[in-house]
Every structure is written in structure tokens, then in C-alpha cells.
Amino acid sequence: MTRSLFFGHPQGMLLHRTRLLFTLFLLGVFSCQLEDPSTPGLLVPKTVDQDPTLPSLAINGTLLHVETYGKPSDPLLVLIHGGPGGDYRSLLPAKAMSNEGFFVIFYDQRGTGLSQRVPRSQFEGADAIQLMIEDLDQLIQHFKKSPSQKVFLMGHSWGAMLATAYINQNPEEIKGAVLAEPGGLTWPQTEDYLSRSNKIKFFSEALNDAVYPEQIFSGREEQEILDYKASFFASFENAPGNTIGNAGPYPFWRNGAVAFNALIDNAEQVGFDFTTQLKAYKPKVLFLYSELNRAYQLPWAQKVSGVYPYAQLEEIKACGHEMFHFAWPEIMEKSLTYLKELK
């Protein structure tokens, strides 16, 4: 009698529900196998060294995620993704260029995307960017069949900066380039652009705060956790009203948190200048900027592209910074017109 009265009382009901919830919790714990969050593929996709079914290529002492489309004897068109720390997934519409007489090459840069993770130390010091330039050079030389085979670059954001860094050192190697919104071609110029975009406010400060306690780690397991964290931060630039004008999220595999954080730190410490030899580059470059990226606009496009002797500026309508994903048909049309003049 007393027991039934007890469970009929509010306190008794609360105790009963608490015991029931605790029992269900225990059943859940013991019926499920808890997994280590650093298990490859659990938080972010596996990299090429973790998944041998992914297309890959050993380049310059590391394993890169690489895909190609088209006839190997056609002029090479190398796609260079943004970041640093991004991947080429959002650039994949460009594989359509293989139907237009180009051998199209995609690669995730060192330590980014689905390429093999590398220690933070590879992104530090005066030679950090030089290492990435050498990666690109060895990739080109691997696929180039003869000295007369033409090579073109198509770079987006940081990828357009890296393309310029390569051209600055190898002006005779590249017959033309499509450059889409490089932030800047020197570090002071890039800082200026970043101060007006979401990236400096969000990625450099907030991401750094989030990963700083762990950034000394260089092991694969710790990096997977950092990459997972970085994926949340990456969505910020696609929020409504973002400065760089993206219409929403765009596809990516993995944000290379260590590559991004270390290369930003490296630029702040040693700087860079990709313009020192550009006056020697004779071919015209196609320079693209988006209508909706409020941090860019025509005056900035004119300033950044002005170091090239010959630059053709084109605005991509009704899109923001991630123009390859959101406005590929217009980019393809303008790029083909430009590239066919140089083929």
C-alpha cells in the first residue's frame, strides 16, 4: 500500500522515471560498441594512404590524390584548388574540358583533401611554399609527354596564387592560365583582401583558437580530429549574407587544418611575393572575378592582375567566390574562348 502511494506521488514518479532512463542508458552503453574518434574514415574521409582504392600518385616524397580525364597527348590543363587546405572536389565540373581537347589533371595539394597527411613541419620555414611549387612542377613533368606539349593552369583562390607562384619561376613552361580570384600575389596584398573577407575574421582567429592547444600534434590521428573541427568552421563562409557571396555550401572532402593553419602562420612570419619575375611572362592570362564577392570587385581585380603584362578581366555574373561550383557554364564558355586562342 505504501509503495503504490509512493509511486503515485510526484517525487515517486520522478524517481521511477529516473531509474527507467538510467536503465535505458546502461542498455545503450553496453549494447553499442564505442569507437575511437581517430579511427580512419570515422570523422572525415580516408586519405589515399588509408584507402588504396582512391586514385593516387607518388610525387616529390608524398602521396597525392590525383585524377585525370581525356587523352594524355592533348594539351595539359592542371586544376589547382583553393585553401590553403582545401581540395579539388568543387572544381570537378572542369572535367568537361576533357571533351574540348584538353588532358585535365586534378590533384589535392600536399597534406590536403584526400592526399596523404604530412607533418606540420613541412609547411614551416622559408621553403614551405617552394615545396608546393615543386610538387606542381613534378606533377606536370610526370604527365608531360614531350617538350612541345602545351601546359595550361586553371587556379581558384589560393590555387590561383600558387599558379602565379609557379609561373613566376617557370614563365616558359606555362602557355596560359585562368586565374579565379587570387586573394593577392604578395602577402601584404593578401592580408588586405583577407581583412575584407570572412576568412581572416573566422578562419585565422576562431579556427586558430579552436586548434591551438592541439596544433603541436603531427600524427595522423590528431590531424583527423583537427580536420573534423575545421569542417565546421568551413561552413561559416556560406552563411546567408556572407561577404564573399556564396549562395550556399559547396562540396568538399576534407579541410586540411594543419596545412591551412601552418601556411597562414608561415606567411605572417616570412611573407611571400609571387610577382618578382612576372614581367617576363608574355602570354595573356584570363583573370576572373565574381559579381557577388563584395571583398573583391573590379578595382581589386585590376590591382591584383595588374602585375601581369597582359591580363584579360572577366566578371562572372550572379555568383560569389566559389564560382567553379555555382557558375561553371559561364566559366567554361569564357575559358574555352581564351584557351583556344592559345592552343
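Read-outs: derived from the displayed coordinates by stated rules, not from any lab. Everything numeric here is computed off the predicted structure, so don't read it as measured data. No Cβ is skipped: glycine too gets one built from the backbone with ideal geometry, and neighbour counts run over all protein chains shown.
Quick one: Tyr193, Tyr228, fewest Cβ neighbours within 10 Å first, how do they rank?
Tyr228, Tyr193
Where does each of Glu124, Glu67 land when they are ranked from fewest to most other beta-carbon atoms within 10 angstrom?
The fewest-first ordering by Cβ neighbours comes to Glu124, Glu67.
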Can you sort Ser98, Ser195 so the residue with the fewest Cβ neighbours within 10 Å comes first? Ser195, Ser98
Please state, as a whole number in µm²/s, the translational diffusion coefficient that the Stokes-Einstein equation yields for segment 65-172 at 4 °C and 1.567 mPa s, with Rh defined as the Kirkwood radius across alpha carbon pairs. 92 µm²/s
Over the Cα atoms of segment 77-131, what is the Rg over Rh ratio if Rh follows Kirkwood? 1.07
Can you compute the equivalent ellipsoid semi-axes for segment 220-343, i.e. the square root of 5 times each eigenvalue of the Cα gyration tensor, sorted largest first and rounded to whole Å? 29, 21, 15
Could you tell me what a quarter of the Cα convex hull surface of segment 56-342 works out to, in nm² with one decimal place? 13.1 nm²
Enter the Cα centre distance for the pair segment 63-138 and segment 286-337, rounded to the nearest angstrom. 21 Å
